[in-house]
Amino acid sequence: MSDVLADSDVHLVATEAGLRLDRALADALPDLSRSRIKHLISNGLVSTAGATITDPSYRVKPAEVFSVTVPQPAESALVGEDIPLDIVFEDESLLVIDKPAGLTVHPGAGQPSGTLVNALIAHCGNSLSGIGGVKRPGIVHRLDKDTSGLIVVAKSDSAHASLTAQFEARTVDRAYRAIVWGVPMPPNGEIEGNIGRSHRNRTKMTVVRSDRGKPALTRYRLLRAFGDTTCLVECCLATGRTHQIRVHMTHIGHPLIGDPVYGRTTSNRRAGLSTEAAKMANSLGRQALHAVKLGFKHPVSGARLKFESKLPQDMQLLKDHLNSDTFQK
């Protein structure tokens, strides 16, 4: 197909007969995702020879001409807020943000404002071309409110579709640093176990039987042991389940320090720390987890992008105190 943009109408001529209409239009309009194309078709915004087509599976005919009306993106119901952002990378397609602990990614029932999305709406302004027909940032993956580190956000429908496909295909590189109780043995390994809701506490996730939940795989490696009481590990996600690292590390007996949901801070564990290190661990106020590496293919250029983030101050201070304990013993 070839296309000529005139205001909000796109005129397309089919050059390959037999294709599904949604596939043909998606190929011709790379700035729109296939789901967006389906939405346009289903809502009567695609026609040929004056006849409206509402079936995405319609098979195109040789030299058939289509007119597609692409409405301007609707304004988001969410309000932009002037919240400082640590922007690692930005272009017309996406942003990479180094998110601080305490910042919720998306508004919800318990957090209607003050989120990363509110900050992005204010920051991006008219550079947002619309996700699913709405002028809003495209959240491709999430970090827990109290997990810090790197997160990528789409600014266009096509970038959102490309990044989502990469996450689903597991071609995105993601690595996290965590400070955990104890020292895992072996020092490098894989944790595999389906993750689902806990029957005892529906607000928590847990490792469940293989016929329940969703498959999850975490690869870990020991970076630094602080005696036999705590250690710094790097975890790489092969899947992206809710609370995956927190659940998997707890499952093998090494919960994250400071984790208010999955942490198991016993008196014996605290006894192995110096007074200063124990104070740091108790005052952390969140799970000691930071998204330190992120790599993916740029949705437009195809170039492989890689980003790294240093440990935030609270985790670095805890690490320093634990390291000092090790040398003093």
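Computed values, structure above
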| quantity | calculated |
| --- | --- |
| Proximal lysines relative to K214, as straight alpha-carbon distance under 16 Å, when same-chain residues fewer than 8 apart are discounted | K204 |
| The chain - percent of accessible surface contributed by carbon and sulfur, probe 1.4 Å | 49 |
| Zero-based 10 Å bins, Cα pair distances in the range 254-329, whole percents | 17, 39, 22, 13, 8, 1 |
| Whole-Å distance, taken between Cα centres, linking the range 256-321 and the range 173-190 | 11 |
| Relative contact order of the range 69-209, defined on C-alpha pairs under 8 angstrom at six or more residues apart (%) | 21 |
| Leading residue at positive end of dipole, the chain (Cβ point charges), from S156, V46, G182 | G182 |
| Cα-Cα separations in the chain greater than 32 Å, expressed as whole percent | 41 |
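The values are calculated or read from the model by the stated rules, or taken from the named source; none is laboratory data. Because the structure is a prediction, the values reported are computed rather than measured. All Cβ positions, glycine included, derive from the backbone under ideal geometry; neighbour counts span all protein chains shown. SASA here: full protein model, heavy atoms, side chains in, ligands and nucleic acids out. Shrake-Rupley method; radii C 1.70, N 1.55, O 1.52, S 1.80 Å.
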